[in-house]
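So the structure is just underneath, and the comments pick up after that.
None of the figures in this text is laboratory data; all of them are computed from the coordinates on show. In this text the structure is predicted, and so the values were computed from the model without any measurement. For neighbour counting, all protein chains shown are included, and Cβ atoms are generated from backbone atoms with ideal geometry for every residue, glycine included.
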Amino acid sequence: MSRSETITEGNRLDRLGAAASLACAVHCAAMPLLAGLLPLVGMSFLASEQAEWLLVSLSLGFGSLSLAPSYARKHRRWRPLLLFTFGASLIIVVRLSAEEGSRLEASAMALGALLIACAHLINRRLCRSCAACHSAGE
């Protein structure tokens, strides 16, 4: 795989990661409000613990696959990694320790997911403006 193909793959992962993280944030913010309505429209699976862990796993997986290589091989800026680390830590700590269904849980989970989405968007912007990336022909 050429360097420009690798760069394009990184952009794709950042877009997917941002989308997964934003979906996670919307899910966390909306669940307390919509939990009673979901069974009426046949979508009660969205309120399940499995759906929550799936969204968390997608957010963390895409972040790991795109942010660490971008830092190591491209722009060497720590801000996206720091935002990702704070967001991921917040999600994991709150998910494992907060009372299920509490306002604190929903707010903290949504904030963590938004931090991860911001990390992806900043990483994408840094990669697009990176001199090393552009010298590779992108």
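Between residue 15 and residue 103, the C-beta separation translates, for a Förster distance of 41 Å, into a calculated FRET efficiency of about 0.85. Ranked by the mean number of other Cβ atoms within 10 Å of their residues, highest first, the peptides 76-84, 107-115 come out as 107-115, 76-84. Most tightly packed first, judged by the mean number of other beta-carbon atoms within 10 Å of their residues, the peptides 92-100, 50-58, 63-71 read 63-71, 50-58, 92-100.
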